[in-house]
Structures are given as C-alpha cells and as structure tokens.
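Below is one structure; the comments refer to it alone.
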Amino acid sequence: EHLSRARSKEGLQDAVLRGFCETFGMGCATLFLHDFDSNTFTCRSFMEMEEPRITFHKDAPLFVPMREKGWVLNLIQDHPESINTEQSRFIDENKIALMAPLIMGDRLDGFIMLGNPMDKQESYSFEDYDLIKAMARQVALALLNFRLADQLAQAREMEALGKVSTFVAHDLKN
C-alpha cells in the first residue's frame, strides 16, 4: 500500500522506511543505496534519526552474507566486527537491529537499516526474515522502476534534442 501511493523517488523512499518501521515495530530507519561513482553505499533517506553522514564500502565483509545468500542481518545477535568506529557508533547510537538487503538479480543495490525496536525483547523467527526479504525484493523492484523511468525520460529528451538539432542543421544547410 505504501509503495503504490508513492509518486516520486523520494516519496517512495520515505514510504519504504515508514512501511518497514510500522510492520516490524521499529522507531527509526535509513535507506542506503549503491553510488556507482564512489562504489559505496550512501544514505538516500532516513526517518526519526539524524541524517547519517557515513558510507559503507560496497566490498566490505559486512555485506558478504547479504550479497551471497540474501540474508537479513540481525545486528543485536551478531554485532559485526568488520566495520569502522564511525559506522559502529552510528549502529550503536541508533540501536540498529536489522539490515535488509535490496538485491536485484545477483547484485546488492542497497540495504535498509532498522533501529530502535519498540519491544527490546522481541526475537525474530525465520518467518520474520522471510517477510523482510519479500518486502525488500518489492522495494528493489520499485526503485528499479523509478530508475528506469528516469533513464527513459532522459532518452526521450535526448531524442527530442536530436530532432531539433537535425532540423536546425538542415535549415542552416539550405
């Protein structure tokens, strides 16, 4: 329902975080997406926290289980050792509990971090992880649709520019 109401990429990103927080009883969330220029994951949207100014390198060991097996990471049970001090501080300050991978095909395009659980004692079952993965797949597809729509719009603009320049060049030639 949240995804279907989004009319822009920013609206979609906010709706995704709101939907995950409502579904899993979390108080804050952030969305990191792959930045192809720097080959890092950077924050694109956040909810109920200060803007994260950290990045994660795409090839960090933290992402191996997410990338290779599509696993949701439970940071309460398994606090990663392969992150730097700044990233660890961010995870601790926001009480990040879960990281959900956004996978397209065999590529990790980003992840969602969910934190500040409303019920501190809640444990997660395989059914919860399956639901998180299913929702994350839907999010990845929705983000891909917006990215492809942007590329199509750019291609159409270039086509229109090409037609105008061809027309002008033809008139100049005549």
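Bear in mind that the values in this text are calculations on the coordinates, not laboratory data. Since we're looking at a predicted model, the values are computed, not measured. Cβ placement follows ideal geometry from the backbone for every residue including glycine, while neighbour counts extend to all protein chains displayed.
Structure notes:
Every residue, every condition in (1) small (Gly, Ala, Ser); (2) out of contact with any strand residue (DSSP E or B) (no Cβ under 8 Å at 6 or more places or on another chain); (3) within 30 Å of Gly70 (Cβ to Cβ), yes or no:
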{"site": "Ser123", "(1), (2), (3)": "yes, yes, yes"}
{"site": "Phe126", "(1), (2), (3)": "no, yes, yes"}
{"site": "Leu131", "(1), (2), (3)": "no, yes, yes"}
{"site": "Ala134", "(1), (2), (3)": "yes, yes, yes"}
{"site": "Asn145", "(1), (2), (3)": "no, yes, yes"}
{"site": "Gln151", "(1), (2), (3)": "no, yes, yes"}
{"site": "Glu159", "(1), (2), (3)": "no, yes, no"}
{"site": "Ser165", "(1), (2), (3)": "yes, yes, no"}
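- When residues in the stretch 42-73 are screened for being of a type outside the set (Asp, Glu) and touching a helix residue (DSSP H, G or I) at 6+ places or on another chain (Cβ under 8 Å), 11 of them pass.
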